[in-house]
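Quick note: the coordinates plus some simple rules give every number you see, no bench work behind them. Note that this is a predicted model, so its numbers are computed, not measured. For neighbour counting, all protein chains shown are included, and Cβ atoms are generated from backbone atoms with ideal geometry for every residue, glycine included.
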């Protein structure tokens, strides 16, 4: 387990900023961690273990140093992985964090929920509601109509273009969804 | 100024006029330039003439000429004193091969072993045609009963090896006579029977010693990393860690350096996207809508002067209505 170095921090923050925008400040600086035996709430920090980045509270980090380095599997919430060539990808486990701070949201109709959960990209006729002001390649969090976060992805069209689109076009490129907990149990 | 032969050195593409004198001491810079340019054209002409007199071969780009060796002696590029390696005389095998016209052939990786019927490597462990692998040697008519053919083979091999060792020493002796011994052998030359008893071994120079010391130091299985160092020897260049990371936990959680790093990265990111904080069009629309509502309430008294039009310039932190943000605040 080690903290991220400067380039890695830049990569992680850039990716997160795509989805949460200025709420990144909340995530990094101002979130209070009430977990742990200390009475004063600590902060959250990012730690890297075996190319996976975790979002952990400080008190948990301190206690995790008791575990041997090669026996430590995971700590806190995993938010993503670094690939072998140094690129950073967000994984589905950070969905709750993103959903709480998302800037751009898309709500799905119940009929197309299953399609998205199987890993397909989102088509226009599956979309129920969509927030204003989305530009192309913004990060988007996908919710069901009952406000349950289902996953996240990249916006293929801006909100303006979305209205003019034909119903079979792709609106959101799929990145991760909660169906992965069942489909890709081993990879997570 | 003699018009006669200039000295032309075609190897260096140079022409030299040894009899040139200035007719009168030149007064101005332009005179010097003029006179020298005239002389230079004559010399270049001489070089060109000489070039065209050489036998030329045809080439797609034009006639090609091979220049002769340069005749002017230029100063040495590299220093003398034994630093230049001398050309080594050919070894006995090389002489023989040249005589017979034997070409060097690339070694194959594997060779087929008749004994076991498999492919094996040529030298080393588990090699092709190993002497120890032969189970049966058939007796020839010329063999006397009572002689051990295996022992015979071993003796023959030993004699071949000794002969080769002798040849190797002879080659080294020849090289030493020409002064072209490789450095590690030169150092050991006092022990080997090459120099003979008469001549004293030369004092080896510092660079030869450095070469050999380097070779000897790294000639262990781990490249000399774990050997005990003599007193006075310099330590290894690399300390243990090749890359330093921040400590995982400092005090009770994040250390100050880590906090600073995350904050600075965050600030940089925020300032890069600060132009997006205020969605100007949205702010303007909201303002106009509010204005209209007020007007309608007041019965249409005020004119259109209060309305603002959206300006397409980018505002960095100016805000018309305090902390207005583009995050869909409902009014």
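Assuming R0 = 60 Å, what is the FRET efficiency of residue A:135 and residue B:217, from their Cβ-Cβ distance, to the nearest 0.05? Using R0 = 60 Å, I get an efficiency of 0.45. Note on residue B:263 and residue A:89: their simple-model spin labels are 3.5 nm apart, each label 7 Å out from Cα toward Cβ. Pairs of Cα atoms nearer than 8 Å and 6+ residues apart set the relative contact order; for the stretch B:4-96 it is 31 percent.
Which residues among the stretch B:62-78 fall inside the zone where the amide N is under 19 Å from a point 7 Å beyond the Cα of residue B:16, along Cα→Cβ? Correct set: B:68-77. Here the simple spin-label model places points 7 Å from the Cα toward Cβ, and for residue B:7 and residue B:170 these points are separated by 4.8 nm.
Peptide B:257-269: average number of partner chain Cβ atoms within 10 Å per residue?
5
Which shape class, rounded, prolate or oblate, goes with the stretch A:1-53 when its Cα gyration tensor gives a ≥ b ≥ c as root eigenvalues, a/c under 1.5 marks rounded, and past that a/b bigger than b/c marks prolate? Oblate, because a/c is 1.5 or more while a/b does not exceed b/c. Residue exposure proxy: B:226, A:82, ordered by other Cβ atoms within 10 angstrom of their Cβ from fewest to most, comes out as B:226, A:82. Oblate is the label for the stretch B:24-106. Its Cα gyration tensor axes, ordered a ≥ b ≥ c, give a/c of at least 1.5 and b/c at or above a/b. Across the protein assembly as shown, Cα-Cα pairs farther apart than 38 Å form 67% of the total. On the beta carbon distance between residue B:230 and residue B:150, with R0 = 51 Å, the FRET formula returns roughly 0.55.
Structural descriptor for the stretch B:82-143: relative contact order 17 percent, calculated from alpha carbon pairs under 8 angstrom and at least 6 residues apart. Between A:85, A:59, A:31, the Gaussian network model of chain A with springs among Cα atoms under 10 angstrom shows the greatest mean-square fluctuation at A:85.
Shown for B:242, A:118, A:162: other C-beta atoms within 10 Å of each C-beta, ranked fewest to most, produce the order B:242, A:118, A:162. Counted residue by residue at 0.36 nm each, then reduced by the alpha carbon distance between them, the extension gain from residue B:23 to residue B:286 reaches 85.2 nm. Using only Cα atoms, find the angle between the long axis of helix A:6-20 and the longest principal axis of chain A, and express it within 0 to 90 degrees, rounded to the nearest 10. It works out to around 40 degrees.
Each eigenvalue of the Cα gyration tensor of chain A, multiplied by 5 and square-rooted, gives one semi-axis; in descending order these are 32, 17, 15 Å. For the stretch B:46-187, the relative contact order works out to 21 percent when only alpha carbon pairs closer than 8 Å and six or more residues apart are counted.
Overall, the anisotropy analysis places the stretch B:1-158 in the prolate class: the square-rooted eigenvalues a ≥ b ≥ c of its C-alpha gyration tensor yield a/c not less than 1.5, with a/b exceeding b/c. Placing pseudo-labels 7 Å out from each Cα toward the beta carbon at residue B:244 and residue A:158 gives an inter-label distance of 4.8 nm. For the listed peptides A:108-116, A:13-21, a ranking on the average number of other beta carbons within 10 Å per residue, highest first, reads A:13-21, A:108-116.
Secondary-structure-derived ellipticity at 222 nm for the protein assembly as shown, considering helices only, amounts to -9500 deg cm²/dmol, per-run term -39500 (n - 2.57) for DSSP H runs with n ≥ 4.
Of B:91, B:37, the sequence from fewest to most neighbouring Cβ atoms within 10 angstrom is B:37, B:91.
Compared with the alpha-carbon gap, the fully stretched path from residue B:130 to residue B:52 is longer by 21.6 nm at 0.36 nm per residue.
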